[in-house]
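Participant: Encoded as structure tokens, here's the structure I'll be asking about.
The values are calculated or read from the model by the stated rules, or taken from the named source; none is laboratory data. None of these values were measured; they are calculated from a predicted model. Note: ideal-geometry Cβ built from the backbone for every residue, glycine included; neighbour counts use all protein chains shown. Protein only, heavy atoms only, side chains kept; ligands, DNA and RNA dropped before computing areas. Shrake-Rupley method; radii C 1.70, N 1.55, O 1.52, S 1.80 Å.
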Amino acid sequence: MALADLSPSYANTQLHLHSSQLSFLSTHLSFHRRHSLRPLPRTRNARISCSVTSNEAPVAVQAQDQKIKPECYGVFCTTYDLKAEEETKSWKKLINIAVSGAAGMISNHLLFKLAAGEVFGPDQPIAFKLLGSERSFKALEGVAMELEDSLFPLLREVSIGIDPYEVFQDVEWALLIGAKPRGPGMERADLLDINGQIFAEQGKALNAVASRNVKVMVVGNPCNTNALICMKNAPNIPAKNFHALTRLDENRAKCQLALKAGVFYDKVSNVTIWGNHSTTQVPDFLNARINGLPVKEVIKDIKWLEEEFTEKVQKRGGVLIQKWGRSSAASTAVSIVDAMKSLVTPTPEGDWFSSGVYTTGNPYGIAEGIVFSMPCRSKGDGDYELVKDVIFDEYLLKRITKTEAELLAEKRCVAHLTGEGIAFCDLPEDTMLPGEM
Ligand code: LMR
């Protein structure tokens, strides 16, 4: 499987091991022709590929190939039997997953869960296309090395790069985690602009080279508006395929409700997070259930629900940062796995999950044209439908209006990146990410 444009001088350094063996190719990063990327230092092992070719008979390693072994990463330089001949025949077609911010903490948890088959199951081989930056490139190599050392039978290919137009080639999933955190003294408008530019570029790249049905999960904050920007820059990909991660908030809400009710969290269902992944998000206790009963029939303390519970979920990210000294990583990775699984497995009867999705055509009267967390159900085909049978009361509607106003303000702030005119930033004062206190 071609992963890169090989420059002629490097093309013949490819070592290819046939059937039940791994192939490794090492080449330099090709500087991209579409965009004026700064030239990069030539890096050994800048591009890695490991793959199993299932249709050909095993071929011994040639002495001539062994000469280039010093170029290899550990296990990819050796031959070992993955017993892949039989297995590969019954396995599904390779799935290509791109991950941006791949050298970061969230990815460090996520990649190993995906490679272990947690989302797609034990018969689904996968390929990782890892996107990093020039600065993180060494760390990216470290990630690839750890993936090698883990000997995941399902992990068939790993490639790394810094050019989204190369990394996103043919991907069926794009997990966009990388984003700049808000620095000291940085205005929110600046954060929206800096990250927005990254997501505009990645949207363009997805539009140009990804699978036409790629599913895009935006995690980098502010994730709702980043998802909107990405989507608007990828007009050839269905708007429905873009998600902003609010599953972590849903999981947090379930945990708090379970704690208060004194039940294990698997008894809590039908939890919706409405709106923005920010401190204005609305964890919905009106429609949520505990042991199949409306939450309010189990937790009678309405003041707790309206004040403590809501605020705890909204600000959980910030409390975690205070404890850890950094943003949540493992639980975010778990929630990405949950969010992906929710799209590739049928939603249990009567339940739903939350995801930040495009509002156009929504049945709740929420403003069109923004990415807003809402309740979804899936048949397990990667697609989703919005849940219709939810109820609203005055409290819920008031809160939803507030988070909606925040997202509309964020949208106005990035109009220059969505092709909707001149940006005008009038962000509400309390606009904050969950991690900002
Ligand atoms: C989280 O919810 O844990 C993060 O989004 C927090 C943050 O602001 O980075």
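Participant: Take 422, 160, 302, 106 and sort them by solvent-accessible surface of the protein heavy atoms, 1.4 Å probe, largest at the top.
Facilitator: Details: 422 160, 160 0, 302 60, 106 35 Å².
In descending accessible area the options line up as 422, 302, 106, 160.
Participant: Also: Give me the count of lysine pairs in segment 378-425 whose alpha carbons sit under 25 angstrom apart, restricted to pairs 8 or more positions apart or on different chains. Let's see the in-between values first.
Facilitator: Details: 379/388; 388/398; 388/402; 398/411; 402/411.
The number of close lysine pairs in segment 378-425 is 5.
Participant: Could you work out the mean projected area of the convex hull around the alpha carbons of segment 299-425, in square nanometres to one decimal? Numbers along the way, then the final one.
Facilitator: Values: hull surface 41.8 nm².
That works out to 10.5 nm², a quarter of the Cα hull's surface.
Participant: How long is segment 197-297 along each principal axis, judged by its Cα atoms, biggest number first, in Å?
Facilitator: Ordered largest first, segment 197-297 gives principal extents of 50, 25, 18 Å.
Participant: On to the next question. Using only the Cα atoms of segment 233-387, what are the Rg and Dmax in Å?
Facilitator: Rg then Dmax for segment 233-387, in Å: 15.4, 49.
Participant: Using every Cα-Cα pair within segment 336-388, state what percent have a distance larger than 15 Å. Present the calculation step by step, with values, prior to reporting the outcome.
Facilitator: Details: 588 of 1378 pairs.
Within segment 336-388, distances greater than 15 Å cover 43 percent of Cα pairs.
Participant: Rounded to the nearest 20 Debye, what is the dipole magnitude of segment 91-228 about its Cα centre when Lys and Arg each give +1 and Asp and Glu each give -1 at the C-beta?
Facilitator: Details: 13 positive and 16 negative charges, 67 e Å.
It works out to roughly 320 debye.
Participant: I would also like to ask the following. Which of the lysines could a cross-linker bridge to residue 312, judged by Cα under 17 Å and excluding same-chain residues fewer than eight apart?
Facilitator: Cross-link targets: 254, 260, 303, 323.
Participant: Follow-up question, since we're still on this one. Which one of 344, 367, 302 is farthest out on the positive end of the charge dipole of segment 295-437, using unit charges on Cβ (Lys, Arg +1; Asp, Glu -1) and the Cα centre as origin?
Facilitator: 344
Participant: I need the semi-axes of the equivalent ellipsoid of segment 116-162: take the C-alpha gyration tensor, multiply each eigenvalue by 5, square-root it, list largest first in whole angstrom.
Facilitator: Result for segment 116-162: semi-axes of 22, 11, 7 Å.
Participant: How big is the equivalent ellipsoid of segment 371-437 along its three axes, where each semi-axis is √(5λ) from the Cα gyration tensor, reported in whole Å from largest to smallest?
Facilitator: Working: eigenvalues 139, 72, 29 Å².
Working through the eigenvalues yields semi-axes of 26, 19, 12 Å.
Participant: About the Cα centre of segment 165-324, how large is the charge dipole given +1 on each Lys and Arg Cβ and -1 on each Asp and Glu Cβ? Please answer in debye to the nearest 20. Don't jump to the answer; show the numbers that get you there.
Facilitator: On the way: 21 positive and 17 negative charges, 63 e Å.
Approximately 300 debye in magnitude.
Participant: For segment 184-290, with the dipole built from +1 on Lys and Arg beta-carbon atoms and -1 on Asp and Glu ones, taken about the Cα centre, which of 238, 282, 269 lies farthest toward the positive end?
Facilitator: Of 238, 282, 269, it is 269.
Participant: Please report the spacing between the Cα centers of segment 307-385 and segment 217-292 in Å, no decimals.
Facilitator: So the separation of the two Cα centres works out to 2 Å.
Participant: Counting only other residues whose beta carbon sits under 11 Å from that of residue 118, what net charge do I get with K and R as +1, D and E as -1? If you can, show how the numbers build up before the last one.
Facilitator: On the way: positive: 113, 341; negative: 338.
After counting each charged neighbour, the total is +1.
Participant: Rank 364, 165 by accessible area, highest first, at a 1.4 Å probe radius?
Facilitator: Details: 364 35, 165 15 Å².
So the residues, ranked largest to smallest area, are 364, 165.
Participant: Please compute the net charge surrounding residue 108, taking Lys and Arg as +1 and Asp and Glu as -1 over other residues with Cβ under 13 Å from its Cβ. It would help to have the intermediate numbers written out before the result.
Facilitator: Numbers: positive: 113, 326; negative: 146.
After counting each charged neighbour, the total is +1.
Participant: If you don't mind, another one. Considering every Cα-Cα pair within segment 117-269, what fraction, in whole percent, is farther apart than 21 Å?
Facilitator: Values: 6503 of 11628 pairs.
That tail contains 56 percent of the Cα-Cα pairs.
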